[in-house]
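The values are calculated or read from the model by the stated rules, or taken from the named source; none is laboratory data. Just so it is clear, the model here is predicted, and its values are computed rather than measured. A quick note on method: Cβ atoms are made from the backbone with ideal geometry, for glycine too, and the neighbour counts reach across all protein chains shown.
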Amino acid sequence: MLPCIHQLDIFNLRNIHHAALKNFATINIISGKNGSGKTSFLESIHLLGRGRPLRGIEYRSLIGEDDSFSAVHGVVGGENQNSEHSVGVSVAHNGKRQVKIDTKEGVPIADLVHVLPLLVIDADTFSILSGGSGLRRQFMDWGVFHMKPSYGSRWRAFNRCLRQRNRLLREKTTALAQMLSWTNQLCALSQEITLHRSEYIRDFLPLLRETAMAFGGIDDVQLEYYQGWDDGKDLANVLEYSFERDQRSGQTHYGAHRADIRVRIKGIDAAKILSRGQQKRLVAAMRITQGKLLYQQTQRTPLYLVDDVPAELDATYQAFIYDMLQSLKSQVFMTCIEYNNTLQAYWRPSTMIQKFHVKHGEITQY
């Protein structure tokens, strides 16, 4: 079971003033009333693993009302001390963020993400099908990042080229040599990123079809990858043709940053043909498949943050998610209003469970 959290210290994160937690299990269940602080518990793990808030809100909203900073420290690793890392993330009111891994300070977020790969299943997750293309790019890029060691550096290089090209567009520059240089680099990196993404979708789709069929009988799932410009066309030619439009708007309209995955069922947009319940089941199957593919290709399992699934799926499909998570042997942190006999019945006798209760920001482990 790699990776997992062994210890967690939370300081001044929303209504959690301080919590020192350890002895986590495979399945960690966090119960409490709405507003008690149980989602803040998940928020602390998300900050530790991705260096940013769970739902894209401002950093200062994480910090307690009377505090000047928020911080999370964790011991993360495998099943022995040789594979452990000490990880810490702190944020201040001015938005300044500090990241530390072991003795190294100021480490890149990419290193943090690699140490603790996280997947989230919550209410926002279910917008992947009907939401904007950015959600689906994030979904796709999470998988590529964790399976292609060079992907993170290539994506950062691409974004640098994109920023520079857009700056020149806004300035209405006459420095054509500079524009050509950044455009050529952007085209080369777009091609490289597209190749990695295409390979990921190719490997992901068969597993998704298998999982979606088992999870509610959703048949004939298709993933149509749009690379960010029309197939069969050379990106350099496309950008040359759209140059005046790009210059008027000050932004680049074609490239890897405009990629998308079009999810279809029997050739029809999944968001249009599936009911809301079916869409939730398909998205849950997509999240589970990401974990399956990561393990298949790297022998690593992601850590799952699962926020209030009982409010999103009925008992039959909750049972499927929990069974699949147990099969993956992923460490799971999940919230619920109340831990009852119905929830208890989902777990196999061999599954290690740890329970927490949150009330007014105070966390009790029992």
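Filtering the range 42-68 down to residues that are hydrophobic (A, V, I, L, M, F, W, C) and out of contact with any Phe, Trp or Tyr (no Cβ under 7 Å at 6 or more places or on another chain), which residue is nearest to K100 (Cα to Cα)?
The residue in question is L48.
Yes or no, residue by residue, for (1) within 18 Å of L8 (Cβ to Cβ); (2) at pLDDT below 95; (3) among the aliphatic types (A, V, I, L, M):
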site	(1), (2), (3)
S40	yes, yes, no
I45	yes, no, yes
R50	yes, yes, no
S68	no, yes, no
T103	no, yes, no
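Taking the range 1-38 on its own, how many of its residues are among the small types (G, A, S) and crowded, with 20+ Cβ neighbours inside 10 Å?
Selection size over the range 1-38: 5.
If you take just the strands (runs of 3 or more DSSP E) that sit entirely in the range 1-119, which of them hold at least 3 residues that are closer than 20 Å to R300 by Cβ?
4-13, 69-77, 85-92
Can S181 be described as among the hydroxyl-bearing types (S, T, Y) and not assigned by TED's automatic domain parsing to the domain that holds S242?
no
Give me the pairs: first residue in the range 227-240 and surrounded by fewer than 21 Cβ atoms within 10 Å (Cβ to Cβ) and part of a helix (DSSP H, G or I), second residue at pLDDT 95 or above and among the β-branched types (V, I, T), beta-carbon distance under 8 Å, and six or more apart or on different chains, which are they?
A236/T183
Looking at S150, S190, S83, S181, which is the one that is under 30 Å from R262 (Cα atoms) and surrounded by fewer than 17 Cβ atoms within 10 Å (Cβ to Cβ)?
None of the other options fit; the residue is S150.
So that you can scan it fast, the table gives a plain yes or no per residue for (1) over 26 Å from L48 (Cα atoms); (2) aliphatic (A, V, I, L, M); (3) outside the structural domain of L343 (by TED's automatic domain parsing); (4) in contact with an Asp or Glu (Cβ under 9 Å, 6 or more places away or on another chain):
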| position | (1), (2), (3), (4) |
| --- | --- |
| V238 | yes, yes, yes, yes |
| G255 | yes, no, yes, no |
| R281 | yes, no, yes, no |
| M324 | no, yes, no, no |
| K329 | no, no, no, no |
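Are there any pairs with C-beta distances below 7 angstrom linking a residue in the range 149-161 that is more than 12 Å from H114 (Cβ to Cβ) to a residue that is among the β-branched types (V, I, T), with the two at least 6 apart or on different chains, and if so which?
Taking only residues 6 or more apart or on different chains, the pairs are R154/I193; W155/I193; F158/I193.
Restricting to the range 108-132, give me the number of residues that are among the polar types (S, T, N, Q) and either surrounded by 18 or more Cβ atoms within 10 Å (Cβ to Cβ) or modelled with pLDDT under 90 (or both). Break it down stepwise before answering.
As a first pass, look at the range 108-132 and keep what is among the polar types (S, T, N, Q): 125, 127, 130.
From the residues that got through so far, the ones that are either surrounded by 18 or more Cβ atoms within 10 Å (Cβ to Cβ) or modelled with pLDDT under 90 (or both) too are 125.
Selection size over the range 108-132: 1.
Out of all the residues in the range 190-212, is one or more under 23 Å from R170 (Cβ atoms), touching a Leu at 6+ places or on another chain (Cβ under 7 Å), of a type in the set (G, A, S) and not assigned by TED's automatic domain parsing to the domain that holds G77?
Yes - at least one qualifying residue is present in the range 190-212.
Kindly evaluate L13 against the criterion of being closer than 26 Å to M352 by Cα, aliphatic (A, V, I, L, M) and in the same structural domain as H360 (by TED's automatic domain parsing).
Against the criterion (closer than 26 Å to M352 by Cα, aliphatic (A, V, I, L, M) and in the same structural domain as H360 (by TED's automatic domain parsing)), L13 does not qualify.
Among the residues in the range 342-358, are any touching a Gly at 6+ places or on another chain (Cβ under 8 Å) and either β-branched (V, I, T) or more than 21 Å from D122 (Cβ to Cβ) (or both)?
Scanning the range 342-358, I find at least one residue that is touching a Gly at 6+ places or on another chain (Cβ under 8 Å) and either β-branched (V, I, T) or more than 21 Å from D122 (Cβ to Cβ) (or both), so the answer is yes.
Right, H46: farther than 12 Å from L305 by Cα and in contact (Cβ under 8 Å) with a residue 24 or more places away in the chain or not?
The answer is no for H46.
Does I353 qualify as being surrounded by fewer than 22 Cβ atoms within 10 Å (Cβ to Cβ) and without any contact (Cβ under 8 Å) to a residue 24 or more places away in the chain? Please lay out each step first, then the result.
Numbers: surrounded by fewer than 22 Cβ atoms within 10 Å (Cβ to Cβ): yes; without any contact (Cβ under 8 Å) to a residue 24 or more places away in the chain: no.
Criteria not met by I353.
If you go through the range 134-141 one residue at a time, do you hit one that is in contact with a Phe, Trp or Tyr (Cβ under 8 Å, 6 or more places away or on another chain) and among the charged types (D, E, K, R)?
Yes, there is a match, as at least one residue in the range 134-141 is in contact with a Phe, Trp or Tyr (Cβ under 8 Å, 6 or more places away or on another chain) and among the charged types (D, E, K, R).
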